[in-house]
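Below: one structure, written as structure tokens.
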Amino acid sequence: MTPSVTAVEALGITKRFGPTIALNGAGIAITEGETHALVGRNGAGKSTLVSILTGLQRPDEGEVRFAGEPAPPMADRDAWRRRVACVYQKSTIIPTLTVAENLFLNRQTDRGAISWRSLRGRARDLLDQYGVDVDAGTMASDLGVEQRQLLEIARALSFGARFVILDEPTAQLDGPAIQRLFDRMRALREQGVTMMFISHHLEEVYEICQSVSVFRDARHIVTSAVGDLPHDRLVDAMTGEATAAYAYRTRTADPSAPVVLSARGLGLAGRYENVDLTVRAGEIVGLAGSGSSGKVGLAETLVGLHRADTGTVTVNGVDVRPGDVPSALRAGLGFVPQDRHRQGFVPLLSIAENATIPIAHRLGRYGTVSPARRRERGARMIERLDIKTTGPDQPVADLSGGNAQKVVLARALADDPRALVVIDPTAGVDVKAKHSLLGAVEDAAGRGAGAVLVSDELDDLRICDRVLVMFHGRIVRDVPRGWTDNELVAAMEGIDP
Ligand SMILES: Nc1ncnc2c1ncn2[C@@H]1O[C@H](COP(=O)(O)OP(=O)(O)OP(=O)(O)O)[C@@H](O)[C@H]1O
């Protein structure tokens, strides 16, 4: 038997950001050739560890070692790139450049002047080597999420690293794309590549990883072979307490309640067609389907982000002007967008400011907002949605990904909306925080809001009174509460019952 070699080690890492201690003497050791999961609640310190393992941040204390050797100096970026590659939560692909340009960004001058023709040739070779089926001349903006991610993996590996960090790579992929990513990860593992995998979907940890480390409140709690740590004990290690499953409410939608959101004959070329939709007060309607089903495009049209080619949208009895988001918000709509980094919040403003943008006019007289009242509202939202923060004045940019997501939902709920459109509300959110987000949507419905909830997560969809399943741009099924997992997944994949 060959002795196991530690490919990567972080020892006694402490990292502070002002008053926040993001890592507190935490460590991890990853054996060569294994796929090792790192899990923990939002704000546990996972991304901070990633930035330290990739040499982007210097720890206040502790050290990183690769194959027993000390990490290279911070400034030697090439040396870091040869040791560790990272595919981040947020794409680092530049949409306005071609695939080839993205692959060789910052590297074109390796061999003197740039030759665009040879660059394309080299890009083609690299794409072939990693089995990525895209044309080197394609604009990156024309790639789908899955292709962009494959491009990132190929680019990361092309620097020669044998250790790859995948930070929530499945968050934006649909079921079949996740399986294709896992096939690729298994193939990399067979080639001896070591991987660290971060995900809030614990079933994925059991499917693709051999071992798992749990962080909680900036500390390392446990490392174990996945087979030795059953699901409930893993969740307990993350939360520090026995955690019960989410208790779904028993709600009965009133079929005579007023309609708060409706669409008639809605169509957008290439995305979806001929959609009719009615949501009543107190009702939660799910929209499910694969990545190409058109569900996100439809939801974004309901809030006015797209101008439909045909049809009309009504919010709370008011016809919303196509492509006019402010008019939809004025009519009483709350919205959680898919791309929260771009559309969800203003990073430099505080939690309290972001969460109260829609109600600023109600918190003060003569156009001025009372800071005390704003802070009080912010504090209430922090409490209700379980946001891990130093307080309502902290800028949202300083929050962990999952906690920023909660601020986006807080903002959507601030004005007691009559209609809610929420896209992937629990993406990037830990198991326990998921309960507070789903609870907040159920509470809003309890107060009489009607909601459209777009998600592929069966756990999210279970709060819905019915789920509309989309396939190739059309609503193909209207499934009432009480479905089985298999039934819904089959419908989403276009398999007839
Ligand atoms: N640049 C920063 N300035 C201030 N605080 C920060 C900064 N970066 C991270 N933090 C804080 O450090 C803590 C750990 O954050 P980190 O992003 O590592 O968490 P995480 O485990 O990756 O969470 P998530 O699952 O939500 O992505 C959080 O409390 C966060 O607010």
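The values are calculated or read from the model by the stated rules, or taken from the named source; none is laboratory data. Everything numeric here is computed off the predicted structure, so don't read it as measured data. Note that each Cβ is placed from the backbone with ideal geometry, even for glycine, and that neighbours are counted across all protein chains shown.
Points worth noting:
- Residues (of a type in the set (A, V, I, L, M, F, W, C), under 15 Å from K90 (Cβ atoms) and touching a helix residue (DSSP H, G or I) at 6+ places or on another chain (Cβ under 7 Å)) located in region 144-175: L151, I165, L173
- Of all the numbered requirements in (1) more than 13 Å from the ligand (Cβ to nearest atom); (2) assigned by TED's automatic domain parsing to the domain that holds T223, V99 misses one, and that requirement is (2).
- Screening G18, G62, G43, G68 for residues that are on the phi > 0 side of the Ramachandran plot and more than 16 Å from the ligand (Cβ to nearest atom) leaves exactly one candidate, G68.
- In the set E487, E457, E442, only one residue is in the same structural domain as G378 (by TED's automatic domain parsing), over 17 Å from the mean Cα position of the chain (by Cα), of a type in the set (D, E, K, R) and within 19 Å of D174 (Cβ to Cβ); that residue is E487.
- Qualifying residue in region 1-13 (condition: free of Cβ contacts under 8 Å to residues at least 24 places away in the same chain, more than 22 Å from G428 (Cβ to Cβ) and in contact with an Asp or Glu (Cβ under 9 Å, 6 or more places away or on another chain)): no
- Number of positions in region 57-101 that are touching a Lys or Arg at 6+ places or on another chain (Cβ under 7 Å), small (G, A, S) and without any contact (Cβ under 8 Å) to a residue 40 or more places away in the chain: 2
- Taking the criterion of being exposed (fewer than 14 other Cβ atoms within 10 Å of the Cβ), modelled with pLDDT of 85 or more and either of a type in the set (K, R) or not assigned by TED's automatic domain parsing to the domain that holds A444 (or both), no residue of region 356-413 qualifies.
- Test: residue in region 232-241 that is within 16 Å of the ligand (Cβ to nearest atom), among the hydroxyl-bearing types (S, T, Y) and not in a loop (DSSP other than H, G, I, E, B): yes
- Residue match in region 154-173 (condition: free of Cβ contacts under 8 Å to residues at least 60 places away in the same chain and either within 16 Å of the ligand (Cβ to nearest atom) or in contact with a Cys (Cβ under 9 Å, 6 or more places away or on another chain) (or both)): yes
- Hits in region 295-332 - residues which are within 26 Å of the chain's Cα centre (by Cα), crowded, with 21+ Cβ neighbours inside 10 Å and either over 20 Å from V467 (Cα atoms) or not assigned by TED's automatic domain parsing to the domain that holds L268 (or both): G304, A328
- Filtered by the rule that a residue be of a type in the set (A, V, I, L, M, F, W, C), on the phi < 0 side of the Ramachandran plot, out of contact with any helix residue (DSSP H, G or I) (no Cβ under 7 Å at 6 or more places or on another chain) and in contact (Cβ under 8 Å) with a residue 60 or more places away in the chain, region 176-235 gives V193, M196.
- Conditions (1) closer than 29 Å to A79 by Cα; (2) modelled with pLDDT of 85 or more; (3) more than 16 Å from the ligand (Cβ to nearest atom); number of the one not met by I178: (1)
- Test: residue in region 175-195 that is part of a loop (DSSP other than H, G, I, E, B), more than 22 Å from D133 (Cβ to Cβ) and in contact with a strand residue (DSSP E or B) (Cβ under 6 Å, 6 or more places away or on another chain): no
- Pair list, Cβ < 6 Å and 6+ apart or interchain, from region 328-346 residues that are over 18 Å from R307 (Cα atoms) to residues that are of a type in the set (G, A, S) and at pLDDT 70 or above: G334/A412; V336/A412
- Given (1) farther than 20 Å from V132 by Cα; (2) surrounded by fewer than 16 Cβ atoms within 10 Å (Cβ to Cβ), index of the condition F159 fails: (1)
- When the residues of region 421-439 are filtered to those that are surrounded by 22 or more Cβ atoms within 10 Å (Cβ to Cβ) and of a type in the set (D, E, K, R), the one that is nearest to the chain's Cα centre (by Cα) is D424.
- In region 1-29, the residues that are touching a His at 6+ places or on another chain (Cβ under 8 Å) and buried (at least 23 other Cβ atoms within 10 Å of the Cβ): A26
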